[in-house]
Every structure is written in structure tokens, then in C-alpha cells.
Amino acid sequence: MYQLNLEKSISSINRRPRLALTLGDPAGIGTEVILKALADSEVGEGCDLTVVGNRDLLLKTYTNLQQNENIKLANPAQLNVLDVNLDDDIKDAIIPGVENAASGAASFAYMEAAINQTLAGKFDGIVTGPIAKSAWKAAGYNYPGQTEILAQKSQVQRFGMLFVARSPYTNWTLRTLLATTHIPLCQVPQTLTPELMSEKLDLLVECLSRDFGIKNGRIAIAGLNPHSGERGQLGSEEADWLIAWLDSERRKRTNLTLEGPIPPDTMWVKPGVAWYGNAKIQSQVENPADGYLALYHDQGLIPVKLMAFDRAVNTTIGLPFVRTSPDHGTAFDIVGQGIADATSMKAAIKLAGELVSVRLGNR
């Protein structure tokens, strides 16, 4: 496992978190949402922010969007920018709103630069703009997503995708970890094992304690099948091993409350009430969990995006540094129109600053 030089990267208590913000795919909305987010003086307050990408691309986007007087943008001339060198043939082939090999090569270069500088101790965390996986593949980079290259470059085997969102209605925080991520649905039953579930549960418990100060929490764990299998009538995974695994974990983790396996269609009732603050049924629903463990991508992300599409933050846990990302894509279809919503990017920057501050001992 890659170990950061703590003397170099965490040189003193109470210093400001240093965050790298990658532009993501330069043909997408990453540049726009970063310029919009950094125009808000409260975003990144108390942090040192560096944009990782191309200064000329920032200036071009700024000039284009500035024509709309109703859009508030950060001036690139006033930003710290780590200018990533791109070959002229790549720069010339980048077309706003069009994903291609050139935009994939550029976004991959931004990511590599941010990771290398962070592992070298120059940054404490990375906030990544959205990328197009198909553009990466067209450029010759066969990674399922940014999470996987972050883990590979950091030389970690244990990592996970945690989605964090704070309700604008109740201020309650939703935390959802995926047991499996970017794999076809047909591969999920074969990929899930007691060992994998224990690894993901370990990550979630460690994250709740280290980053959120929750040491004796409540964690809800989903079943795989409808009605959690209904005693083998609707699928056998729960009866074959998931229930026994969870019982074993309860015996080992006596300080935690582990609920489940909860039928996937009802697991999200409590967080829905906690998110929206529905007073009519609040008294009928027990306290929501501190963390939710979903077994596959859509099982966790459909409810997350339904509740928090514009403010959920993708957080990679298990890395030797903080990584967050807005929970939306490149939105090629609206590039250049000035209508991209920067709420999730703002939330990603704020959360990264908070998590780094906790690790630095500032909170």
C-alpha cells in the first residue's frame, strides 16, 4: 500500500486543507460548474484550491459564458491553476459537447497530474470533475471509472464508493456505500461474497469513525433479492450466506447496530422521511441509520439520486487522501448554454474541505 509522507503532507495542525480540482472531460460541463462553484465565496472557505487542467480552456469557457450577465463566474486570472501540458493535436481535437478520444486523453491527463501531485504531498485531497468513461476507452484507457485509477495509483486494494448528501430540508446526512460498483447486473450475485461484504463493512465503519466521528453507529444493510429472498422463494443468496454472514458480523461488532438484510424496496423509507422531514409519518419511523450498505449500483444510486441528485457527493473511501466528486455526468448536451447546475460541485468541494480538516485535526 502506498503510504503518504505524513511529515510532508500533514506538516502541522491547523493548516489549511489543500485541494486539487480537476476539470474532468474538457468537452463536458466540468469547467462551467467549477467556475460557477468558485464564484461562491463560501465554497472552499478556509481551503487552498488549485484547478488542475488547462488555463486557456478555463479562459475560453469564461469568455463564452460571460456573455450571459445572469451567470456568476470565477475569473480564471484569479485562480490557482496547475496547467497540464497537452499535445497540440489533442487540444485541437477537443470539441465542446462532443466526447472523443482527445477529450478522454485530456481528462485522463488531468487526473494523473492531480493524483501524482497529491501522492507527492502537494495536496491533501482531490475533487474530480465528471469524465466520460467511453472517451477514456477511446483514448486507450480501460478503467471502469475514476475510482479505480485512484485506487490503482495509490496502490490500495480496499476501497469503496460512498455517496454523501446533506438534506436542505432537515440537515440530515445520507451516507450510502456500494458493495459492488461498475459491473453488469448479471455479475452481481457471483461477485458478492462474505469476504467482500466484510471488506466493505470494514471500510464503512472506519469511514464513519474517522471522517464523521460516529463510533457506535447504526448501519442498514440491503438484501439482494425482492423481499430479501422471502425465505428462498425469491432468490437464495440471503438464505445461503447473507443472513449467516450478518449474524457473524453482529457477534464481532457488538458496539454497532447492524440492521438487515432489509428488503431493498423498503430500506429507503426511513432515509426518505429523514431527508424530507415528513411530519405525518416521522413518529411512525424509527431513527434512520448512520450509513447504508447497498449491494449493487442502482440499488443504492436510484434512491440517492431521487433524493439528492443536485447535491450528492461521490466520495472514494480507503484512499490515503480525500477524494470527492459531484454525482453527475458530463452533460454534453447542455455544454456552453450556461445552464449547468453547480450545486453538487459546491457540495463536493465543501465536503472535501471538511473531511481534510477532520484528518488534519482542525475539527
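The values are calculated or read from the model by the stated rules, or taken from the named source; none is laboratory data. Keep in mind the model is a prediction, meaning the values are calculated, not measured. As a convention, Cβ positions derive from the backbone with ideal geometry for all residues, glycine included, and neighbour counts pool all protein chains shown. Each accessible area value is taken on the protein alone, full model and side chains, heavy atoms only, with ligands, DNA and RNA left out. Shrake-Rupley method; radii C 1.70, N 1.55, O 1.52, S 1.80 Å.
If R0 is 30 Å, what FRET efficiency do you get for Val98 and Asn75 from their C-beta distance, rounded to 0.05? Using R0 = 30 Å, I get an efficiency of 0.65. For Thr170 and Leu59, the difference between the fully extended length at 0.36 nm per residue and the C-alpha to C-alpha distance is 36.1 nm. Let me check I've understood the local charge: for Leu82, count other residues with C-beta under 15 angstrom from its C-beta, Lys and Arg +1, Asp and Glu -1. What total comes out? Residues near Leu82 contribute -2 overall.
The mean of 1/r over all pairs of different alpha-carbon atoms in the chain, once inverted, gives a Kirkwood hydrodynamic radius of 21.3 Å.
Stretching the chain fully between Gln67 and Ala138 yields a gain of 22.2 nm (0.36 nm per residue, less the alpha carbon separation). Here the Gaussian network model covers the chain, with springs between Cα atoms less than 10 Å apart; of Gln155, Gln233, Gln66, Gln233 fluctuates the most. Our coupling estimate for segment 21-28, obtained by passing each phi through the Karplus curve with A = 6.51, B = -1.76, C = 1.60 and θ = phi - 60°, is 10, 7, 6, x, 5, x, 8, x Hz, Gly and Pro reported as x.
With a Förster radius of 25 Å applied to the C-beta separation of Leu196 and Ile302, the computed FRET efficiency comes to 0.70. Ignoring everything except DSSP H segments at least 4 long, calculate the 222 nm mean residue ellipticity for the chain; use -39,500 (n - 2.57) per segment, divide by total residues, nearest 500. That comes out to -11000 deg cm²/dmol.
Within the listed set Gly277, Gly30, Gly44, the Gaussian network model of the chain (springs between alpha-carbon atoms below 10 Å) gives the highest mean-square fluctuation for Gly277.
Here's how it looks for Val52: its modeled amide H is under 5 Å from those of Leu21, Thr22, Leu23, Leu82, which are all 5 or more places away or on a different chain. Here segment 197-304 is assigned +1 on the Cβ of each Lys and Arg and -1 on the Cβ of each Asp and Glu. Its dipole about the Cα centre then comes out at about 420 debye. Give the carbon-plus-sulfur fraction of the accessible surface of segment 35-149 in %, rounded to a whole number; probe 1.4 Å, heavy atoms of protein chains only. Its accessible area is 43 percent carbon and sulfur atoms.
Put a dot 7 Å past the Cα of Asn287, heading toward its Cβ, do the same for Arg158, and the two dots end up 2.6 nm apart. Normalised by the number of residues in the chain, the average gap of Cα pairs under 8 Å and 6 or more apart makes the relative contact order 25 percent.
Dipole of the chain computed with +1 at Lys/Arg Cβ and -1 at Asp/Glu Cβ about the Cα centre; of Ile334, Ser357, Gln233, farthest Cα towards the positive end is Ser357. For the chain, a Gaussian network of Cα nodes joined below 10 Å ranks Gly46, Gly129, Gly300 by mean-square fluctuation, and the top entry is Gly46.
Pairs exceeding a 25 Å alpha-carbon distance, out of Lys200/Lys346; Lys72/Lys153; Lys215/Lys350; Lys122/Lys153; Lys133/Lys305; Lys153/Lys252: Lys200/Lys346; Lys72/Lys153; Lys153/Lys252. Count Lys and Arg as plus one, Asp and Glu as minus one, and take only other residues whose Cβ is under 14 Å from that of Ala135; the net charge is then 0.
Among 180-189, 56-65, sorting by the average number of other beta carbon atoms lying within 10 angstrom of each residue, highest first, gives 56-65, 180-189. Report the net charge of residues surrounding Gly232, where surrounding means a beta-carbon distance below 11 angstrom and charges are Lys +1, Arg +1, Asp -1, Glu -1. For residues surrounding Gly232, the net value is -3. Dipole magnitude for the chain: computed about the Cα centre from +1 point charges on Lys and Arg Cβ and -1 point charges on Asp and Glu Cβ, it is near 1060 debye. Of the DSSP H helices in the chain, those that are both long (alpha-carbon extent of 24 Å or more along the helix axis) and hydrophobic (Kyte-Doolittle mean at least -1.0) are 101-119, 194-212, 343-360.
Carbon-plus-sulfur accessible fraction, segment 253-363 (probe radius 1.4 Å, protein heavy atoms only): 51%. A simple charge model with +1 on the Cβ of Lys and Arg, -1 on the Cβ of Asp and Glu and nothing else charged puts the dipole of segment 165-242 at about 440 debye relative to its Cα centre.
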